[in-house]
1. Counting only residues that are farther than 17 Å from ASP287 by Cα and not in a loop (DSSP other than H, G, I, E, B), how many does region 229-244 have?
2. Within the bounds of region 296-313, is there any residue that is away from ligand 1 (no atom under 16 Å from the Cβ), free of Cβ contacts under 8 Å to residues at least 60 places away in the same chain, over 14 Å from the mean Cα position of the chain (by Cα) and not in a loop (DSSP other than H, G, I, E, B)?
3. What's the total number of residues in region 284-313 that are farther than 24 Å from ASP101 by Cβ and in contact with a Lys or Arg (Cβ under 7 Å, 6 or more places away or on another chain)?
4. Taking the criterion of being in contact with a helix residue (DSSP H, G or I) (Cβ under 9 Å, 6 or more places away or on another chain), within 12 Å of ligand 1 (Cβ to nearest atom) and not in a helix (DSSP H, G or I), would at least one residue in region 214-227 satisfy it?
5. Would you say ALA95 is surrounded by fewer than 18 Cβ atoms within 10 Å (Cβ to Cβ) and either of a type in the set (Gly, Ala, Ser) or within 30 Å of ARG174 (Cβ to Cβ) (or both)?
6. Just to be sure, is GLU275 in contact with a Lys or Arg (Cβ under 6 Å, 6 or more places away or on another chain), within 16 Å of ligand 2 (Cβ to nearest atom) and acidic (Asp, Glu)?
7. Mind checking which residues of region 35-72 are buried (at least 24 other Cβ atoms within 10 Å of the Cβ) and in contact (Cβ under 8 Å) with a residue 60 or more places away in the chain?
Amino acid sequence: MLKELKDKRVAVLAGGQSGEREVSFRSGQGVMEALQAAGIDAVMLDPEPDLAGQIARAGADVAFNALHGGAGENGTVQGVLEMAGIPYSGCGVLASALTMDKPLSLAVLTQSGFPVPEHVVVSARSSAADLEAGVARIGLPLVTKPACEGSSLGVEICHDEERALAAARELIHRYGRILVEEFIGGTEITVGVLGWHERTRALPVLEIVPHKEFYDYEAKYTRGATDLICPARISEQAAAEARRLALEAHLLTGCHGISRCDMHLDEQGQVWIHEINSMPGLTETSDVPHEAIADGMTYQDLALEILASAFHR
Ligand SMILES: Nc1ncnc2c1ncn2[C@@H]1O[C@H](COP(=O)(O)OP(=O)(O)O)[C@@H](O)[C@H]1O
Ligand SMILES: [Mg+2]
């Protein structure tokens, strides 16, 4: 695998204009160091409007996508690279666009019988009565979240109706379209999926134990703020189910190379999916690197395998 990558110059795409710009730089930095340590010629690029030209001017012949959120995760950057004929790592246009949109991906998952929390979609077009009915239907506590964000930005767990309505209104004002979702208690778990074609496989289950109420932005990116335990301290049966669901969700949504499925295992032993990520974090504190290392890989193996996915679409 390394041999086919060695004569390549890699553009590591990092930064971007989304709310996850800083996280992306951290993912990109980790990837840069791993590729360079493997003897691969790599340059980091913060995408400009003329991304294809920028990559050509850098003399790169393949892109490693380390962008999170926004254009880098929603299929836009993938479309530009497709048009320019530049091979790139990870998910393609459709899988990126679909999984970036939580309401749409939940609809697709529901349609195929996957267990997802009860939810309603509300937007600037919804009336006050619609919002109130939605909140009443979901019940308390509930989770409000933007339709198309990441890194827990804008996610809130609401314990009373007044706060739920206010949080939903604030989010609608900021993001336009949001989800009001049933709160699932129990154990938070996540499963990365790697590879392509027949080598597509689920990594071991990671258990997430934030020291605060939930896995918010600070809990995700502050060293020591969350315990990441892999393999998760759950039954073999639940772990097998979580890995099966993550792999099936990856395949259903057409993901390629890498994805990560965020889930909860409730007190009754039922696994619930709350989202699929097409561009999971690759910082040193991120979930997928943790799982890969628990599976016997190194961070460098992980970066090389994701990069190689560019040549096996
Ligand atoms: N339905 C839910 N029940 C309980 N906690 C949730 C639920 N949805 C989200 N969360 C919490 O919020 C975090 C972020 O939500 P998620 O849907 O994964 O969005 P993001 O794309 O921001 O990661 C999760 O990791 C979890 O801690
Ligand atoms: Mg998540």
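The values are calculated or read from the model by the stated rules, or taken from the named source; none is laboratory data. None of the values given here were measured: they were computed from a predicted structure. We place every Cβ from the backbone using ideal geometry, glycine too, and count neighbours over all the protein chains shown.
1. Residues meeting the conditions: 6.
2. Within region 296-313 (the criterion being away from ligand 1 (no atom under 16 Å from the Cβ), free of Cβ contacts under 8 Å to residues at least 60 places away in the same chain, over 14 Å from the mean Cα position of the chain (by Cα) and not in a loop (DSSP other than H, G, I, E, B)), the answer is yes, since at least one residue qualifies.
3. Going through region 284-313 one residue at a time, the tally reaches 1.
4. Yes, because at least one residue in region 214-227 is in contact with a helix residue (DSSP H, G or I) (Cβ under 9 Å, 6 or more places away or on another chain), within 12 Å of ligand 1 (Cβ to nearest atom) and not in a helix (DSSP H, G or I).
5. Judged against the criteria, ALA95 is not a match.
6. So GLU275 fits the description; yes.
7. Result: ALA63, PHE64, ASN65, ALA66, LEU67, HIS68, GLY72.
Results for (1) part of a loop (DSSP other than H, G, I, E, B); (2) closer than 30 Å to LEU282 by Cβ; (3) small (Gly, Ala, Ser), shown as yes or no for each residue.
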| position | (1), (2), (3) |
| --- | --- |
| PRO103 | no, yes, no |
| THR110 | no, yes, no |
| PHE114 | yes, yes, no |
| GLU132 | no, no, no |
| ALA136 | no, no, yes |
| LEU140 | yes, no, no |
| THR144 | no, yes, no |
| ALA164 | no, no, yes |
| HIS173 | no, no, no |
